[in-house]
1. If I build a Gaussian network model for chain A, linking alpha-carbon pairs within less than 10 angstrom, which residue out of A:180, A:192, A:330 has the largest mean-square fluctuation?
2. Checking the cross-link filter: which aspartates and glutamates have an alpha carbon closer than 17 Å to that of residue B:322, excluding same-chain neighbours under 8 positions apart?
3. Just to be sure I understand the rule: take each whole DSSP H helix in chain A, project its Cα atoms onto its long axis, keep it if the span is 24 Å or more and its mean Kyte-Doolittle hydropathy is at least 0.5. Which ones pass?
4. Projected area of segment B:201-318, taken from the Cα convex hull and averaged over every viewing direction, in nm²?
5. Hey, what number do you get for chain A at 222 nm if only DSSP H runs of n ≥ 4 count, each worth -39500 (n - 2.57), divided across all residues, to the nearest 500?
6. Using the crude model of +1 on Lys and Arg Cβ and -1 on Asp and Glu Cβ, and no other charge, please compute the dipole size for segment A:164-294 relative to its Cα centre, in debye to 20.
7. Over all residues in B:222-235, what is the mean tally of Cβ atoms on other chains that come within 10 Å of each residue's Cβ?
8. Could you identify which residue out of B:24, B:178, B:251 has the top mean-square fluctuation in a GNM of chain B using Cα springs shorter than 10 Å?
Number of protein chains: 2
Amino acid sequence: MPTPTLAEVARHAGVTPATVSNVLRGRGRVGAVTRERVLDAIAALGYRPHLPARALAEGRAPTIALMVTSIANPFYPEFALAVENALRPAGQFLIICNTAGDPDTGRAYLDQIAGTLSEGVLVMNANLDFDDLRATELRGAPVVLCMWERPLDPPGLPCVAVDFRLAGELAAQHLIGLGHRRIGAIVGSKAHGIHAARHEGFVAAMQAAGLDAGAAPLIYAPDTTQGGYAAAREMLTRRPDLTAIFATNDLPALGAMQAAADLGLEVPRRLSVVGITDIQLARESRPALTSVAVPTVEAAELAVALLRELIEDGGRAAGEAKMCVTSAPHLVVRASTSRAPD
Amino acid sequence: MPTPTLAEVARHAGVTPATVSNVLRGRGRVGAVTRERVLDAIAALGYRPHLPARALAEGRAPTIALMVTSIANPFYPEFALAVENALRPAGQFLIICNTAGDPDTGRAYLDQIAGTLSEGVLVMNANLDFDDLRATELRGAPVVLCMWERPLDPPGLPCVAVDFRLAGELAAQHLIGLGHRRIGAIVGSKAHGIHAARHEGFVAAMQAAGLDAGAAPLIYAPDTTQGGYAAAREMLTRRPDLTAIFATNDLPALGAMQAAADLGLEVPRRLSVVGITDIQLARESRPALTSVAVPTVEAAELAVALLRELIEDGGRAAGEAKMCVTSAPHLVVRASTSRAPD
């Protein structure tokens, strides 16, 4: 016997297919009697809801788009995996959209799939214009910014925020507590770019300890291993007296460790290095990298839950721009930091 | 003026929407006169085909599923990015399916989306049953195995093959050419698992050089940095006379370098290490890893082209199991290998 269709269930129950769909998804207003009739029909026909097929028959696709600059950047796959794990139990699927950091590519993705192929959009730091994201919302596809860096300064779009200023503060406090006074900073974005909050936390901790953060060497570098390598090499050549480097992300921190190795500066005996995020590579590098861990899985789960809420809500809450804040980042001490040399 | 729909174009041209769709996609049999009329209607109405929306209206979704064990494993994001780049120009999108190496999870994915949400399936080494893949084909969703490891031994399913036996041979020849005679092998799969061809190439090169490959230490290990680390540590502790390690993949090779560092064996002065694939981490590690590079982007493009051909073909070629072979892997010499110590 072929699998019964939604339409057959509807016919059997004497209702419209939309009503059957509403019952199955727990959406819309369906009276108790009608609901009972639909459930009886489902049982009688042995109907097994086949989520994607059913969704397609309704002209929509149960997918969520995740916009990233490049999935090959190692943090994003870890986040994507967590998102997919959160989507799967509800029969939703994950579409990966690589923008290559180009707003036009991002806009093309939003135009093409938001609201049609994808019911909602999760945005990592993909260099998208907020105007494009608002236009996407207005077309009926909710957007959630994942990993917003400033919980105290909401972006005016639904978001999951992580206190990255605190992350920078914790990293600096760790170095200061180990006796470091001459600490260089490598910031993996432009001066007012996305890593600014992390750097502000670093500066605040330095000032709180009575250190002159303004005098500390500072380089803005690409947020990559190579970027951190070049920045650290330049910084350590100019300032061989530094005993520690704070990097706003793990990849530049790993690059800084490589630069130290190439300059013959042993980590951590001669130079301590600390990063932020705690990607898998931080655990696997030698020496293993001390890092301020960010709650990646929690952020992914919150982002999916918020996006789903907005989808279910059908745009009624648009404009409210709800923000969820994750639990606090925390320091993970590994082998790349130790007491400052005398 | 609102964007005209496919139905309006069809009405204007006096044809069915299916005919307009066939013209747009270059599919089906459409006479020259009809074709001209449709194209005129498209021009007259200023119709811009909105691929995903149109596809959904036709009850299908222009997505391709990529089945991987875990997108967090660093080779897969590089491949996924290449796949997405190959899909995008044709208005297709990439769904990521993480199987966690579990056949049941893989089967659930195939059941749910192949042939409905996804028009075709690309399979990396995701521990799927071939029977499940054949069942998927029979349901009308073409399947392409990416990175099949044995071009001389086709799998009976459409695939893109890479000569991984040659990759193992090239790695071993490189070490032998540098004067190494006592070489250990770390194989990142079970004895008859997916890396067996790579190991066979290693053995063949050893034998061709008159070396006793059977006497060479050999450990089957998990295909991870940690797996390679533990295997190398065990091997080098038992056999401190080894001067080189061949690993069948880059992650175990990187782990072997870490084990050498922890044992105080300098790479490459005291121990040479070579891997296979040439992932980004191979370039970024210190010392940078010598590896046999596999044509990842080419394999992704061939896989997408083959899958698209099978989709366009509408299952007519099912059973033919076409195989495309990529260009040959090639050695990339970096800092982890040097002449054998005297």
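Bear in mind these aren't lab numbers, they're just calculated from the coordinates by the rules spelled out. The shown structure was predicted, so the numbers you read here are calculated from the model rather than taken from an experiment. Cβ coordinates were reconstructed from backbone atoms using ideal geometry, including for glycine residues, and neighbour counts include every protein chain displayed.
1. Ranking A:180, A:192, A:330 by mean-square fluctuation puts A:192 first.
2. Those aspartates and glutamates meeting the cut-off are B:137, B:149, B:153, B:163, B:298, B:301, B:309, B:312, B:313.
3. A:296-313
4. For the Cα atoms of segment B:201-318, the hull's average projected area reads 9.8 nm².
5. -13000 deg cm²/dmol
6. 200 debye
7. For peptide B:222-235, the averaged partner shielding equals 1.
8. Fluctuation is largest for B:24.
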